[in-house]
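The values are calculated or read from the model by the stated rules, or taken from the named source; none is laboratory data. None of the values given here were measured: they were computed from a predicted structure. Heads up, the Cβs are rebuilt from the backbone with ideal geometry, glycines too, and the neighbour counts pull from every protein chain shown. Note: accessible area is taken over every heavy atom of the protein model, side chains too, but ligands, DNA and RNA are not part of it. Shrake-Rupley method; radii C 1.70, N 1.55, O 1.52, S 1.80 Å.
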Amino acid sequence: MISISPQEVIVDPVLSVYDNLFVYGLILGVPKNLLKQRIDYFLERVNLKEKRNRLALHLSEGEMRRLQIVRALLKEEASVFFIDEPTIRLDPIGKKITWDEFKKLKKKDKVIFLASNDMGEVEKLCDEIIFINNGKVIFQGEVEETKRLFAPDEVVEIEIEKELDSTKFDELKKTFYLIKY
């Protein structure tokens, strides 16, 4: 019923990428016929397909992070996902892929408990926000209420679905250079 991805990366360093996922999937109770399909899908999705036989020990921190996130996503049957700081050490492409997968879970009515310090990312996924300080809830509210109370008056956010060449990106930066400190 529950799947988890802790903040600290926990993978078996002496197993290959594939074996890490396979063993963990078996522990989670994912049926073997579905497990192999899911592993292949996610290895392709998170750009680890070419490293499927590499020992986890030899992965970069970002690659280990992607491996750990995939482990949590293997259990699609779970109703609740606890995800702690999922995009630490991920490059922008890895972050986008991760958030796209979490959005898919949300569309399937899965409950996601997300711990994050990045409010921009939280806003994209969460319906409700809770601030905890020293183990005590100090604020709880919906995203819009939270933004009204804590966010600046004007924020412009642009999400681009395809790659921009550097010239177009520089033009875009000049157009929207409105950030005030």
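Quick notes
- From phi via Karplus (6.51, -1.76, 1.60), per-residue ³J(HN,Hα) for the range 65-80 in Hz, x at Gly/Pro: 4, 4, 4, 5, 5, 4, 4, 5, 6, 4, 8, 4, 6, 4, 8, 10
- Over 24 Å (Cα to Cα) - which of 49/107; 75/103; 96/136; 51/75; 51/168; 32/162 fall in this group: 49/107; 96/136; 51/168; 32/162
- For the chain, the mean residue ellipticity at 222 nm estimated from helices alone is -13500 deg cm²/dmol, where every DSSP H run of n ≥ 4 contributes -39500 (n - 2.57) and the total is divided by all residues, rounded to the nearest 500.
- Within a Gaussian network of the chain (alpha carbon springs, distance under 10 Å), most fluctuating of 70, 137, 30: 137
- Cβ-based charge dipole, the range 34-143, positive-most Cα from 130, 42, 113: 42
- The candidates 166, 79, 3, arranged from most to least accessible area with a 1.4 Å probe in the full protein assembly, appear as 166, 79, 3.
- Between helix 92-107 and the chain there is an angle of about 80 degrees, using the helix long axis and the longest principal axis of the Cα atoms.
- What the phi angles of the range 12-20 give under the Karplus curve with 6.51, -1.76 and 1.60, with θ = phi - 60°, is a coupling list of 7, x, 9, 9, 5, 3, 4, 5, 4 Hz, glycine and proline written as x.
- Residue among 13, 98, 166 farthest towards the positive dipole end of the chain, charges placed on Cβ: 13
- Net dipole in debye of the chain [+1 Lys, Arg Cβ; -1 Asp, Glu Cβ; about Cα centre; nearest 20]: 640 debye
- For residue 124, a cut-off of 12 angstrom between C-alpha atoms picks up these aspartates and glutamates, skipping any fewer than 8 places away in its own chain: 100, 144, 157, 159.
- Given +1 at the Cβ of Lys and Arg, -1 at the Cβ of Asp and Glu and no other charges, the dipole of the range 1-108 around its Cα centre is 420 debye to the nearest 20.
- Across all Cα atoms of the chain, the radius of gyration (one decimal) and Dmax (whole number) stand at 18.4, 54 Å.
- Largest GNM mean-square fluctuation across 160, 39, 138, computed for the chain with C-alpha springs under 10 Å, falls on 160.
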